[in-house]
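Bear in mind that the values in this text are calculations on the coordinates, not laboratory data. It should be emphasised that the depicted structure is a prediction, and the values quoted were computed from it without experimental measurement. Please note: Cβ atoms are built from the backbone with ideal geometry, for glycine as well, and neighbour counts cover all protein chains shown.
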Amino acid sequence: MKYLQLTPGYRTALADGVLAPDSPKHMATEEFYRAYPGSRLHLCEAGYLFAPAIFSMERNPSYIYSYAYQPEENWASYTQNLTPQSYSREDYIFDQECWFRVCVRREDGKDLSSEDFGRSDELIEYQETQKAAAVRPKPWFEQEIAETIASIRQFEQETAETIAPIRQKDIPHTMKLCLLTDTHYTVNGTWEDTLHNIWSVAAHIKYDAIVHLGDLTDGMLPKRLTRKYVENMIRGLEDCGVPLYIVPGNHDSNYFRNRRNAFSNEEMRRLYRLYGIEENAAGDAGLDYFIDVPEFSLRMIFLSSFDDMAAVRYGYTEDQLQWLKEVLVSSVPGTKFLVFSHDAPLAKLDYWSFHIRNGRELLDILEECNSSEAYQIAGFFYGHIHADYIFDECSFPVISTGCAKLEYFTDKKPWGAVAWPREADTVTQDLWDSVLIDFERQTLKLIRFGAGADREVSFAKKKSVFQDIAVMERKNRRMKIWAHRGLSGHAPENTLPAFEMAYKAGADGIELDVQLSKDGVPVVIHDEWIDRVSDGTGYVKDYTLEELKALNMNLSFPAYGRVAIPTLEEVYDLVRKTDLTINLELKNSTVFYEGLEEKVLRLAEEKGLADRIIYSSFNHYSMRRVKQLLPNSRVAFLYCDGILDIAEYAEKYGVYAVHPSVGCMKYPGVDVVKECHAKGVRVHVWTVNEEEDFERMRELGVDAVITNYVERGMSLGMARK
């Protein structure tokens, strides 16, 4: 017997089972409760009426077979049973297994008072029956449990026989981890089955630890509910009797519904059991920590990889990297390392990330460590992508494992990752790994429980090639990718952060716009007026540089804070040490800035960038003047309407390229690329943002696309030969 916890201010009209806030006439349970035949609800006080909203055990398949999160983390199906006539004082007895919520109102129809709210925790008594049925063993898992146990024992036996001559019997030779990730707990989900399966294997196999790579829940509920779900999950895993280590994921910060529900780092440390390891943690509020396992000469390092308040949410801070360096070099010589992170270190390994903050720097640190004779990186494990992948371009294996959540869809996955077919009430419903580490043979064996296949990988040191491959891929792109006004899909357009992010995201070039301030300084901004992008109003030409610098040019991306307008010189100083191509658009079609051409040409020469710049404009007279001032300059004609014989027109004036809008590439019966290439003129298309347009531009053979979303072309492999 227990009392149900009621929350004031919820209405009784349900839409897909969601109880939405309303006037203070009703109280309702935020939490879903599970009932079995014979379970009973009892109203404990007179003067009130109650009614249960019933949810069947049927799951909505859209949450399994498409990318979707149910707003209240509920996979049960609302039966639409609740009506104004449903309210009663009589006991309610359940006649079937189901989930339910309860609504309560006053019998006299008045609003609930503070006195009513004070009684809410003792109004509804729930008497449960057959609770054990919730974790009853499922027959389709029995053989998988037996086979998993047998596979682990067989690997241990083979390993023991192989190293018997060089290892004493009483010294452990194989480390065993239970590894799972992305459980995304939901009501009527499959967590209880996953937990039961882990218990069943752990009862026969003595794991050295359980590691959860994050996203325990969807992170969309009020803190009270998320805490309750997480604490129940953690207690269940701890019942296996071995250490449990968690690396929080992006959903674990609980910010996905609104910021009021978000956990602070301190709250996350407490909730996810990161206390008790303070001496090994990163700072007072850090989420990073390490664990030493002396019997294996091993140090396990756990890295947080998400900050929902940062401009680039996924990745690692400079403080983290410094802490990691210290953790590595402070280890006893001969130490091996396992590194765990919710997210991958590179954006190409994560569909959701256009850039992993300091990801390459992280790998550089690990590579340097692995190049030392004193240490060895045995593996880097991550989750987040809900798929399997082994990345073999580093000197150590980088391994992702699929999600424990019942989910199957193949889109929204990074190139090369495998999402295994999943189906409820079959063995494929579940997915997690037993990681067996043979330190003598330098082998990682991942034995899969549920959907998927076993994997085996060596962690013997080898040459790292990920940086070489990244450089080669960029140089060999047939279709170049230029960042439109910098990485404007993720950062304030035409600002230094946008151009810096474009380079880090792997762009081949940047596109930017230049005008003159009132005092004649070339500044980078698109519109002739400042209203759209700044906290000011009026024309660029009417502001001095000092006045422009006082404005905030970031109205779109709050996480970047206040951002100033850059001068063209500042942009050139930023990119001169890179290999980025610079497409400079002169904004002189509406305001005819006197001397603009001379100023930009002189600045390019002063900065040593003349051979990397393409000048473009809708003002073709201006481009002709640039050619007159500097005959070997590369100029391009911008246009957004159908122009007859554009190839001949471009050839006539000796331009390097034409820059049509993506819409201009749709005119029927015209092959702009073929005609221009025949004349030796390149074609650079703007603004290509949609996946189908990337594909079409590649098929047409355009030379470059200008896009707000550099990562879309790269993730689709559109730039590969």
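Observations
- Relative compactness, the stretch 588-661, computed as alpha-carbon Rg over 2.2 N^0.38 Å: 1.10
- Label point at ASP579 placed 7 Å out along Cα→Cβ; residues across the stretch 453-483 whose backbone nitrogen lies under 16 Å: 466-482
- Kirkwood hydrodynamic radius of the chain, Cα pairs, Å: 29.3
- Sites SER56 and GLU547 - FRET efficiency at Förster radius 56 Å, r taken between beta-carbons, to 0.05: 0.30
- Residue-span extension gain [ARG602 to ILE93] - 0.36 nm each, minus C-alpha spacing: 174.7 nm
- 3J(HN,Hα) along the stretch 290-295: 9, 10, 9, 10, x, 5 Hz, from the Karplus curve 6.51 cos²θ - 1.76 cosθ + 1.60 with θ = phi - 60°, whole Hz, x for Gly and Pro.
- Gap separating the Cα centres of the stretch 268-344 and the stretch 611-678, nearest whole Å: 53
- Here the chain is assigned +1 on the Cβ of each Lys and Arg and -1 on the Cβ of each Asp and Glu. Its dipole about the Cα centre then comes out at about 1100 debye.
- Note on PHE592 and ALA460: with the Förster distance fixed at 60 Å, the Cβ-Cβ geometry gives a FRET efficiency of about 0.35.
- Counted charge near ASN188, where neighbours are those whose Cβ lies closer than 12 Å (Asp, Glu -1; Lys, Arg +1): -4
- Counting only alpha carbon atoms, the long axis of helix 620-629 and the longest principal axis of the chain meet at about 60°.
- Note on LYS25: lysines with a C-alpha under 21 Å away, same-chain residues under 8 apart excluded, are LYS110.
- The long axis of helix 466-475 is offset from the longest Cα principal axis of the chain by roughly 40 degrees.
- Rough spin-label spacing in nm, given labels placed 7 Å along Cα→Cβ, for ILE291 and ARG153: 2.6
- Listed pairs LYS405/LYS463; LYS228/LYS412; LYS336/LYS462 exceeding 26 Å between Cα atoms: LYS405/LYS463; LYS228/LYS412
- Applying 0.36 nm per residue to the separation of GLN322 and SER114 and subtracting their alpha-carbon distance, the gain on full extension is 69.6 nm.
- DSSP-defined beta bridges in the stretch 470-715 - what % are antiparallel, rounded to 5: 15
- Estimated purely from DSSP H runs of n ≥ 4, each contributing -39500 (n - 2.57), the mean residue ellipticity at 222 nm for the chain is -7000 deg cm²/dmol once divided by its residues.
- Annotation: amide H-H contacts under 5 Å for THR581 (H modelled 1.01 Å from N, sequence separation of 5 or more, or interchain): GLY509, ILE510.
- Label separation (ALA678 vs ASN280): 7.0 nm, computed from points 7 Å beyond Cα along the C-beta direction.
- By the rule of a C-alpha distance below 17 Å, with chain neighbours fewer than 8 residues away ignored, the aspartates and glutamates paired with LYS504 are GLU318, ASP350, GLU361, ASP364, ASP468, GLU473, GLU493, ASP573, ASP579, GLU711.
- Summarised in one figure, the compactness ratio Rg/Rh of the stretch 470-715, Cα atoms and Kirkwood Rh, is 0.95.
- Between helix 691-700 and the chain: long-axis angle, C-alpha atoms, 0 to 90°, nearest 10: 40
- Bridge type composition, the chain - antiparallel percent by DSSP, nearest 5: 55
- As a proxy for reagent exposure, GLU585, GLU326 were ordered by neighbouring Cβ count within 10 angstrom, fewest first; the result is GLU326, GLU585.
- The alpha-carbon of LYS679 sits under 29 angstrom from the alpha-carbons of these lysines, leaving out residues fewer than 8 places away in its chain: LYS475, LYS480, LYS587, LYS627, LYS652, LYS666, LYS721.
- Note on LEU41, LEU586, LEU487: ascending count of other Cβ atoms within 10 Å places them as LEU41, LEU586, LEU487, the fewest first.
- Each Lys or Arg adds one and each Asp or Glu takes one away; over the other residues whose Cβ falls under 10 Å from the Cβ of GLN442, this sums to +1.
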